[in-house]
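Below: the structure, in structure tokens.
Each value in this text was obtained by applying a stated rule to the coordinates, not by laboratory testing. Since this is a predicted model, take the numbers as computed values, not measurements. Don't worry about glycine lacking a Cβ; one is built from the backbone with ideal geometry, like all the others, and counts go over all protein chains shown.
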Amino acid sequence: MPIEQLSKQLSEARQQFDFGKAVRVLDQWIKQQPDRSQLYYLRGCENFFAGNYRQSVKDFDRLVELEPARRQSLWERGISYYFAGDFAKGAEQFADYQNYHDQDVENSVFRYLCVAKADGVKQARETLLPIENDPRPGLMEVFRLYEGKETPQNVLEDMQQTKLTGPAAAGYRFYTLLYVGLYYDAHGDDALAVKYLAEASDPKLLEAGGRRISRYMWDTARLAHQEISKRIPPAKN
């Protein structure tokens with residue numbers, strides 16, 4: 001199939017959030033251009049969205065083989081490692097990213113989550129990557145939660161009391177709910193993790209947030225909710 005047609009099909013699949021179709025189109029494209037690094041980045045993302053975590057990791061690993069300079073900035077690879085259960089590799093990726101951008105609370109938090117799964121919460125807190133000024137609303141409050149200086153309840157109360165409105169308020173709400181949910185997951189409370197991740201992955205919140213909410217991170221919330229929900233036994237009638 002001509003590259004122009006594959007490009008059109010991929011664009012349509014991505015606009016429709018048809019992750020399976022996007023992966024299949026990229027499979028065909030990569031067969032024709034197996035050394036084009038960006039195709040592996042795109043397929044790594046689409047495989048992640050589709051829940052194909054190990055395939056996503058393989059795609060990002062191949063990208064790094066072809067283009068080593070992108071390793072440090074590839075936070076998406078770290079998230080795929082986390083979902084695939086490769087926690088040590090995820091922690092390494094997020095530590096690398098810290099050298100690329102050292103004021104990203106999300107990066108520090110995801111490294112915490114990887115270390116907590118691999119070595120426990122105490123080790124995760126003791127090795128938390130330092131952040132001084134992430135300017136996005138609510139993110140420094142999230143950081144203080146992971147530092148152990150705030151409780152989830154206080155962080156949620158701050159979210160409720162914000163004077164922000166519109167997309168800014170929706171963005172604040174999304175990131176707070178996402179990282180409170182993941183905090184509860186790291187601390188072994190599946191029920192509360194699912195509760196807050198369900199709120200974070202509400203499509204209405206994504207719509208309200210507009211550009212204030214990363215579609216990639218919204219899908220991360222959706223997938224985290226999906227995976228943790230599998231661990232909760234069904235309610236008895």
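General remarks:
- Choice from ASP59, ASP219, ASP189 showing the highest fluctuation, given a GNM over the chain with Cα pairs closer than 10 Å: ASP189
- Length gained when the stretch GLU4-GLN38 is fully extended (0.36 nm per residue, less Cα-Cα span): 10.7 nm
- The modelled label-to-label distance for the pair ARG70/LYS31, using points 7 Å beyond Cα in the direction of Cβ, is 2.2 nm.
- Per-residue [θ]222 nm for the chain (sum of -39500 (n - 2.57) over DSSP H runs n ≥ 4, rounded to 500): -22500 deg cm²/dmol
- Full extension of the chain segment joining THR151 with SER229 gains 25.7 nm, where the gain is 0.36 nm per residue of separation less the Cα-Cα distance.
- Here each label is just a point 7 Å from Cα along the line to Cβ, and for ALA88 and GLN123 those points are 0.9 nm apart.
- Applying 0.36 nm per residue to the separation of ASN133 and LYS163 and subtracting their alpha-carbon distance, the gain on full extension is 8.8 nm.
- Kirkwood-type hydrodynamic radius, segment 1-69: 11.8 Å, calculated from all non-identical alpha-carbon pairs.
- Proximal lysines relative to LYS163, as straight alpha-carbon distance under 27 Å, when same-chain residues fewer than 8 apart are discounted: LYS149, LYS195, LYS204
- Centre-to-centre, using Cα atoms only, segment 56-88 and segment 139-194 are separated by 26 Å.
- Segment 102-125 and segment 12-30 have Cα centres spaced 32 Å apart.
- Gaussian network model of the chain, springs between alpha carbon atoms under 10 Å - residue of VAL180, VAL109, VAL64 with greatest fluctuation: VAL64
- Cut-off 17 Å, label 7 Å out along Cα→Cβ of GLU207, residues of segment 16-46 by amide N: 16-17
- From the coordinates shown, Rg/Rh (Cα atoms, Kirkwood Rh) corresponds to which of (i) 0.98; (ii) 0.92; (iii) 0.95: (i)
- Segment 81-158: trypsin sites (Lys or Arg not before Pro) in DSSP coil with no more than 16 other Cβ atoms inside 10 Å: LYS149
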